Amino acid sequence: MEAVANNLRGDYARAGPDYVLEQRWDDYTQEDHALWRRLYERQRALLPGYACEAYRESLARLDAYAAIPKLEQTSRALKLATGWTLVAVPGLIPDEHFFAHLSERRFPVTWWLRKPEEFDYIAEPDVFHDFFGHVPMLFDGAFADYMQAYGLGGLKAARLDALKMLSRLYWYTVEFGLLKTHAGLRIYGAGILSSGGEVVHAIDSIRPQRLMFSLERVMRTDYHIDRFQDTYFVIESFERLVSDTAGDFAPLYQRLRALPAIAPDEAVPGDERQSAQP
Ligand code: HBI
Ligand code: FE
């Protein structure tokens, strides 16, 4: 078999034209399931007081500790909850395919699990990042609406050559978003929830700045993909995130593309800073 995308682990050759493939749950080894449990135990222990209620209640209901989940089984429950289903994919897929799946309420989940030596850091999303990080939030109605709207927006942004600005919105919400609650800031971003070190950093560290969500500010702000974030954006609620991002982005893209990007650690006039503690 040719090493497609020079990474046999992803075995893209096995995927269809929409990049979907069979999960082949029986191919996982006992070592894979044991690593899944170790990853799950570490992250679950970090969540009390850090992950938002919607995420924690959904994760508990998923009961996904004992072994790598069967995506078709989770899809049946998810479909009933918010109309979403999970599709197994070989790894990162081209933006337009990714957006197309989201726009039709299908969430792509990488089928393979990292190796033990990647316990603390992995560059690409694996089944642990995608399932443990992203899937629980898809059971929340407003967030599920936001994810589909993001997919629809992505298809439009591709046509407007605005993918860089739109990917910042995904990064600072879906991957690294924080939520304001009466008890303090809580995490809903998958990139934080699936990270061994960033759960505590995102809430307790004095290094990063935490700013109230502003669509324009997010779309102008660059990000690092290989270290903890210097800036986190805080939303009031998922419903508010949906309404803040409901409009047509074309005029915004037009205006913002003429402005310089804001560095990940930069503060600008108008920033509404948030402290992590209430
Ligand atoms: N593909 N499987 C997969 N998972 C992702 O999260 C993903 C992707 N392709 C592109 C992508 N994310 C980002 O560029 C989004 O901003 C589109
Ligand atoms: Fe992700």
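The values are calculated or read from the model by the stated rules, or taken from the named source; none is laboratory data. Values in this document were obtained by computation on a predicted structure and should not be read as measured data. Cβ atoms come from the backbone with ideal geometry, glycine included; neighbour counts cover every protein chain shown. Each accessible area value is taken on the protein alone, full model and side chains, heavy atoms only, with ligands, DNA and RNA left out. Shrake-Rupley method; radii C 1.70, N 1.55, O 1.52, S 1.80 Å.
Which order do you get for His201, His224 if you rank them by accessible area with a 1.4 Å probe, largest at the top? Mind showing how you got there, number by number?
Numbers: His201 20, His224 40 Å².
Output order, biggest surface exposure first: His224, His201.
Pop out the ³J(HN,Hα) list for region 176-185 in order, Karplus 6.51 cos²θ - 1.76 cosθ + 1.60 with θ = phi - 60°, rounded to Hz; leave Gly and Pro as x.
My calculation for region 176-185 gives 10, x, 10, 10, 7, 10, 5, 9, x, 7 Hz in order.
In Å and on Cα atoms, what radius of gyration and Dmax does the chain show?
When restricted to Cα atoms, the chain yields Rg and Dmax of 18.3, 56 Å.
Using modelled amide H (1.01 Å from N, peptide plane; none on Pro or chain starts), what sits under 5 Å from the amide H of Phe107, excluding residues fewer than 5 places away?
Under 5 Å from the amide H of Phe107 lie the amide H atoms of Thr85, Leu86, Val87, each far enough along the sequence or on another chain.
Just Leu185, Leu155, Leu102 to compare: in a GNM of the chain, with alpha carbon springs under 10 Å, which one fluctuates most?
Leu155
For Lys70, which lysines qualify as cross-link partners when the Cα separation must be under 17 Å and same-chain residues fewer than eight apart are set aside?
Straight-line reach from Lys70, under 17 Å: Lys79.
Taking H as built 1.01 Å from N, whose amide H comes closer than 5 Å to the amide H of Ala51, not counting residues under 5 places away?
Amide H neighbours of Ala51: Ile187.
Test of understanding: in a Gaussian network model of the chain with alpha carbons linked when under 10 Å, which of Ala51, Ala13, Ala149 would top the mean-square fluctuation ranking?
Looking only at Ala51, Ala13, Ala149, the biggest GNM fluctuation is shown by Ala13.
Shape verdict for region 73-170, please, from the Cα gyration tensor: rounded (a/c under 1.5), prolate (a/b greater than b/c) or oblate. Please list the in-between numbers first.
On the way: a/c = 1.97, a/b = 1.17, b/c = 1.68.
In terms of gyration-tensor shape, oblate.
If we count every other residue with Cβ under 13 angstrom of Trp25's Cβ, Lys/Arg +1 and Asp/Glu -1, where does the sum land?
On the way: positive: Arg24, Lys70; negative: Glu22, Asp26, Asp27, Asp32, Glu72.
Charge balance near Trp25 sits at -3.
Work out from phi, with θ = phi - 60° and the Karplus expression 6.51 cos²θ - 1.76 cosθ + 1.60, the ³J(HN,Hα) of each residue of region 244-250, listed in order in whole Hz, and give x for Gly and Pro.
In residue order, the calculated couplings are 5, 10, 7, x, 7, 7, 4 Hz.
Label region 54-96 by shape, choosing from rounded, prolate and oblate, from the square roots a ≥ b ≥ c of the eigenvalues of the Cα gyration tensor; if a/c is under 1.5 it is rounded, and otherwise prolate applies when a/b is larger than b/c, oblate when it is not. Present the calculation step by step, with values, prior to reporting the outcome.
Details: a/c = 1.85, a/b = 1.48, b/c = 1.25.
It comes out prolate by the Cα gyration axes.
Name the shape class, rounded, prolate or oblate, that the alpha-carbon gyration tensor gives for region 98-237, where a ≥ b ≥ c are the square roots of its eigenvalues, rounded holds for a/c under 1.5, and otherwise prolate holds if a/b is larger than b/c and oblate otherwise.
Numbers: a/c = 1.42, a/b = 1.08, b/c = 1.32.
Judged from the Cα gyration tensor, region 98-237 comes out rounded (a/c under 1.5).
Where only protein heavy atoms count, and the probe is 1.4 Å, what is the accessible area per residue for the chain in Å²?
Values: 12880 Å² over 278 residues.
Per residue, the chain has an accessible area of 46 Å².
Looking at the chain, identify the longest residue range that excludes and avoids all chymotrypsin sites (Phe, Trp or Tyr not before Pro) in DSSP loops having at most 14 other Cβ atoms within 10 Å. If you can, show how the numbers build up before the last one.
Values: sites that count: Tyr65, Phe119, Tyr121.
Longest stretch, sites excluded: 122-278.
What's the longest piece of the chain with no exposed GluC sites (Glu not before Pro), counting a site as exposed if DSSP puts it in a loop and it has at most 11 other beta carbons within 10 Å?
Values: sites that count: Glu2, Glu272.
Here the longest run is 3-271.
Using DSSP, restrict attention to beta bridges with both residues in region 2-256 and report what percent are antiparallel, rounded to the nearest 5.
Values: 4 of 16 bridges.
DSSP beta bridges in region 2-256 are roughly 25 percent antiparallel.
How much mean residue ellipticity at 222 nm does the chain get from its helices, if each DSSP H run of length 4 or more adds -39500 (n - 2.57) and you divide by all residues, to the nearest 500 deg cm²/dmol?
Values: 11 runs with 106 residues, N = 278.
Using -39500 (n - 2.57) per qualifying helix, the result is -11000 deg cm²/dmol.
Quick check: Cα centre of region 23-79 to Cα centre of region 164-233, how many Å?
One Cα centre to the other: 22 Å.
Measure of size requested: the Rg and Dmax of region 183-261, with Cα atoms as the atom set and Å as the unit; please supply both.
When restricted to the Cα atoms of region 183-261, Rg and Dmax are 14.1, 39 Å.
Within region 169-278, which trypsin sites (Lys or Arg not before Pro) sit in a loop by DSSP and count at most 16 neighbouring Cβ atoms inside 10 Å?
On the way: sites: Lys180, Arg186, Arg210, Arg217, Arg220, Arg227, Arg240, Arg255, Arg257, Arg273; in loops: Arg227, Arg257.
Here the trypsin sites (Lys or Arg not before Pro) that fit, given the DSSP loop and packing criteria, are Arg227, Arg257.
In a Gaussian network model over the chain where Cα atoms closer than 10 Å are linked, find which of Asp11, Asp226, Asp130 has the largest mean-square fluctuation.
Asp226
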